[in-house]
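None of the figures in this text is laboratory data; all of them are computed from the coordinates on show. In this text, all values refer to a predicted model and were calculated from it rather than measured experimentally. Here the Cβ positions follow ideal geometry from the backbone for every residue, glycine too, while neighbour counts run over all protein chains shown.
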Amino acid sequence: MSHSIPPLGTPAVRREGRDKVIGAARYAAEHTPPGCTYAWPVPATVARGSIVAIHTAEALALPGVLAVLTHESAPRLEKPDDATLAVLQDAHVPHRGWYVALAVAETIEAARAAADAVRVEYSPVPHDAVLTTDHHGLYIPETANGGEPATSERGDFDTSFGAAQVRVDVTYTMSALHNHPMEPHASTADWQDGHLTVHDSSQGSSTVRDTLAAMFTLDPDQITVYSEHVGGGFGSKGTPRPHVVLATMATLNTGRPVKLSLPRHHLPTVVGHRAPTIQRVRLGSGQDGVIAALAHDVITQTSTVKEFVEQAAVPARIMYASPNSRTSHRVTALDVPTPSWMRGPGETPGMYALESAMDELAVAAGVDPVELRLRNEPSIDPDTGQPFSSRGLVACLQEGAVRFGWARRDPRPGIRREGDLLLGTGVASATYPVLVSAAGSTAHAAPDGSYRIRVNATDIGTGARTVLAQIAAAALEVPLEAVTIEVGSSDLPTAPLAGGSSGTASWGWAVHKACRTLVDQLRELTGELPAAGVTVRVDTEQETETEPPYARHAFGAHFAEVQVDTMSGEVRVRRLLGVYAAGRILNPRTARSQFIGGMTMGLGMALTEGSTLDPLFGDFAENDLASYHVPACADVPAIEAHWIEEEDEHLNPMGSKGIGEIGTVGTAAAIGNAVHHATGIRLRELPMTPDRVLRQLLGAG
Ligand code: MOS
């Protein structure tokens, strides 16, 4: 495909934008079937133990209450692959906040009152909710998230690190982070005449359908799951969540439609989070900063319900050309909520540590941090020996340096003052793998010259509809307006989730193939189109079955300027710049939105977002948006996102890499490095809140 086809690469406006602005777009909890009921779940109040007795009579006696489901009355479900979904199945409480009952009532107020009136007697047992570097339960898992090997080794790290002229040996600590999408997790479920209809706030409704079918022993054809509009997910809606199982139980139990929207304060506990990590990075180099030894060792936690291992050491395997390198992950299962995906799982916390350590090496070796990265650029994937399909890191760093004005930078820390403020700048690299999976799609040509494309993509706020229409129009070689896109229903051709920055690549490939197949068929057609039009159906099982022999990753460079208030300890970001190399950018308008959104999330991670796991309660203390601080508009300065045009023939027919997550990846490190440049102090624990900054500033004199 060539650049001359206009719809690809143009800033087409969001197709559903107007509907969202005027309130016509309906989210999962905004569907109200006739006779709709409301459900409210009851979380466990002990950190570990079992239910001895559960008293529902008082709740059931309240006006308008229809049912209270418990492990004694709820239907027995088939064991799900994801054990976090096995709710109300037994008396065991694996962590605080685990759901132990569900109240169903005529109104949301009655449901909530009934949930409050459920009395649960527990037999608690001692729990363990504290991660330490010497925790007795630490083990090396078989794989980390994404199926990545838990460990890797090349060369001889110990010997070369011991012999290095310049050594950095540092440990970075991060608390849990929470996804907190604006729209909470919600379902409206309706069981009518042997068919289950669910509106679910999910990143992938095909999987929700298949999961419900398996758990409730229904035929997938008996279930339709819509995820038409989704108010963000950031990974927390990437897999089905307990609310959709509970909602399905409720409608099956009462025979009435039901609405279940999780209260905000339940989200940290039941929809996954970024796991806390303790990361040790060791870098050994010559005086020139050329790295001879690199080790990244990650300690993290999971729950007793399910093993999830944050793959934070994985990016260190491909970033720098160190001939001697070792990475490892160790995990322990605590009596805590289950972690999961959050924007850039693995890469985001891992690159925070690695890119902060790179800055420490730059200071120790006296090499400019941009130059340091250029000196350690590998010519092939150092881990596998494969060539990169394309690797634009150097171009990103160089263009970023020019745009940011890096050449003027005085490397000395702590010397730029404006009254009480200290100013500094920092840089960090970013990377994210190219992921793609099989999808199905249909393409229909109507006699009036219009085209209808169907694929169960999910638009979680990214502009998926818009870019898929562009891909279709380009492949059909027709104007954008001739194309209608249908997404967001499990009745459409099955497609993977909006996750792993793979949506556009996966769905787009299927859409492209369907459209090209249709074009071929139309060419063979003599005379008029039949009245019913022509439809083709394809999938990309074959195309995505084997990966080409290339290391495929997107890259980026982040630059930050900060001011640090020496009186209050407050850090404010003045400028953030990201330059990305992510293949072809298919829509600069929606791509920019993804990049700056990711960078905003990285800013929150650096400065304001943090979560405290209370060791006594075994649950998170900050469970609302008043205590868990996501950046507000006033926190977000001039953010700029740019990109390098990359031609990469080893990706997909559109030539695109993913862009949803990479914006988050290097941002926190760039900000932390800028704080060091401003003040001379190195904070190795996120977020860099005023108390932590001030303590170090005062300690450092
Ligand atoms: Mo993203 S964390 O893969 O939904």
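Between the listed residues Q165, H199, A186, the Cα displaced farthest toward the positive end of the dipole of region 132-217, a dipole computed from Cβ unit charges relative to the Cα centre, is found at Q165. Dividing the radius of gyration of the alpha carbons in region 144-208 by their Kirkwood radius gives 1.32 for Rg/Rh. Please report the relative contact order for the chain, taking Cα pairs under 8 Å with a sequence separation of at least 6, and give it as a percent rounded to a whole number. It rounds to 16 percent for the chain. Looking at the chain alone, DSSP beta bridges between its own residues are antiparallel in about 75 percent of cases. Relative protection proxy for 473-479, 448-454, from highest mean packing down: 473-479, 448-454 (other beta-carbon atoms within 10 angstrom). Computed over region 595-667, the convex hull of the alpha-carbon atoms projects to a mean area of 7.4 nm². Taking 0.36 nm per residue of sequence separation and subtracting the Cα-Cα distance, how much length would be gained by fully extending the chain between R452 and E371, in nm to one decimal? Separation in residues times 0.36 nm, less the Cα-Cα distance, equals 24.1 nm. Segment D624..H265, full-extension length gain: 128.7 nm, with 0.36 nm per residue of separation and the alpha-carbon distance subtracted.
Taking packing as the residue-averaged number of other Cβ atoms within 10 angstrom, the listed peptides 653-661, 505-513, 65-73 run from highest to lowest as 505-513, 653-661, 65-73.
Structural size metrics of region 185-285, computed from C-alpha coordinates, are Rg and Dmax of 16.9, 69 Å. Counting other Cβ atoms within 10 Å as a rough exposure proxy, the listed residues C515, C36 run C36, C515 from fewest neighbours to most.
What's the local net charge at L334, with K and R +1, D and E -1, over the other residues with C-beta under 11 Å away? With Lys, Arg at +1 and Asp, Glu at -1, the net is -1.
For region 399-547, the average shadow cast by the Cα convex hull is 14.1 nm², which is a quarter of the hull's surface.
Of the chymotrypsin sites (Phe, Trp or Tyr not before Pro) in region 573-660, which ones lie in a loop per DSSP and count no more than 16 other C-beta atoms within 10 Å? Working shown, then result.
Values: sites: Y580, F595, F617, F620, Y628, W643; in loops: F617, Y628.
Here the chymotrypsin sites (Phe, Trp or Tyr not before Pro) that fit, given the DSSP loop and packing criteria, are F617.
Here the extension length gained between A364 and T546 equals 61.2 nm, from 0.36 nm per residue of separation less the Cα-Cα distance. The distance separating the Cα centre of region 260-332 from that of region 423-494 comes to 32 Å.
Taking 8 Å as the Cα distance limit and 6 or more residues as the minimum spacing, I'd like the relative contact order of region 552-701 as a percentage. Working shown, then result.
Numbers: 275 pairs, mean separation 56.7, N = 150.
Reported relative contact order: 38 percent.
The label-point distance for T133 and E477, in a model that sets each label 7 Å from Cα toward Cβ, rounds to 6.3 nm. Add +1 for every Lys or Arg and -1 for every Asp or Glu among the other residues with Cβ under 9 Å from the Cβ of P11, and state the total. With Lys, Arg at +1 and Asp, Glu at -1, the net is +2.
Among residues other than N179 with Cβ under 13 Å from its Cβ, the summed charge is +2 (Lys and Arg +1, Asp and Glu -1). Translational diffusion of the chain was estimated from the Stokes-Einstein equation, with Rh taken as the Kirkwood radius over Cα pairs; at 25 °C and 0.890 mPa s the coefficient is 93 µm²/s. When K237, K306 are arranged by Cβ crowding within 10 Å, least crowded first, meaning fewest neighbours, the order is K306, K237.
Here region 282-409 yields Rg over Rh of 1.03, to two decimals, using C-alpha coordinates and the Kirkwood radius. Each principal axis of the Cα cloud of region 530-614 was evaluated for its coordinate range; sorted largest first, these ranges are 75, 39, 36 Å.
Summarising the strand pairing of region 166-260, around 70 percent of its internal DSSP beta bridges are antiparallel.
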